[in-house]
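S.K.: Got a structure for you, questions after.
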Amino acid sequence: MPRYSTAFRAKMIEKMLGPSPRSATALSGETGISQATLSRWLREARSMGVMTKDKKKRKSRRRWTPAERLRVVLAAEGLSADDLGALLRREGLHSRDLERWREQALVGLQSDTGKGKETEEQRRIRELHRELRRKDKALAETAALLALKKKAQAIWGDEDDDTENGS
């Protein structure tokens with residue numbers, strides 16, 4: 001049974017996962033290595049996390065602070081299409097990001113939705129929470145009364161105080 005080097009195995013795995021991936025069966029026909037061996041190599045590589053479908057790791061997305069977002073929105077105002085494109089490329093942004101940030105800035109600046117004023121939806125939510133708490137308390141009280149009633153029946157039975165045992 002031939003032994004294959006780690007580099008050779010990696011090359012075969014790369015052919016199965018690369019930009020134009022080939023199946024283990026097709027690669028087996030090309031190389032003469034059994035399909036089961038190729039499949040096992042692929043399975044082992046995936047389980048060890050050594051090889052993934054994306055060889056290049058994605059760049060982590062930049063976290064933009066509100067101040068940075070506002071700076072870019074203000075810098076983009078009044079620019080021509082070419083200059084705007086250059087700004088977006090330089091900052092690594094897409095035009096959708098810029099539009100979304102512009103909308104968020106406008107919403108944040110509107111006086112109707114300021115922190116001091118409560119929207120109709122927020123008021124309704126607050127009322128529903130209050131009603132839910134009230135109903136939870138009532139339910140807990142009812143459950144406690146039922147439990148007490150059952151305990152009382154277990155202790156004293158179903159007889160009334162006014163009745164005699166024989167009647």
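The values are calculated or read from the model by the stated rules, or taken from the named source; none is laboratory data. Keep in mind that this is a model prediction, so the values were computed, not measured. Cβ sites come from the backbone with ideal geometry, for glycine too, and all protein chains shown count toward neighbours.
S.K.: Report the residue count in the range 37-64 for those that are modelled with pLDDT of 70 or more, closer than 17 Å to Thr6 by Cα and either touching a Ser or Thr at 6+ places or on another chain (Cβ under 7 Å) or surrounded by 10 or more Cβ atoms within 10 Å (Cβ to Cβ) (or both).
M.R.: Residues that pass the stated criteria total 10.
S.K.: Only one of Asp160, Asp136, Asp112 is over 30 Å from Ala67 (Cβ atoms) and at pLDDT below 90; which?
M.R.: Only one candidate passes the filter, namely Asp160.
S.K.: I've got another one for you. Is it fair to say Gln110 is loosely packed, with under 10 Cβ neighbours inside 10 Å and of a type in the set (S, T, N, Q)?
M.R.: Yes; evaluated as a whole, the condition is true for this residue.
S.K.: Residue under question is Glu91, and the condition is that it be surrounded by 12 or more Cβ atoms within 10 Å (Cβ to Cβ), at pLDDT below 90 and either among the acidic types (Asp, Glu) or assigned by TED's automatic domain parsing to the domain that holds Lys11 (or both); does it hold?
M.R.: Yes: the conditions hold for Glu91.
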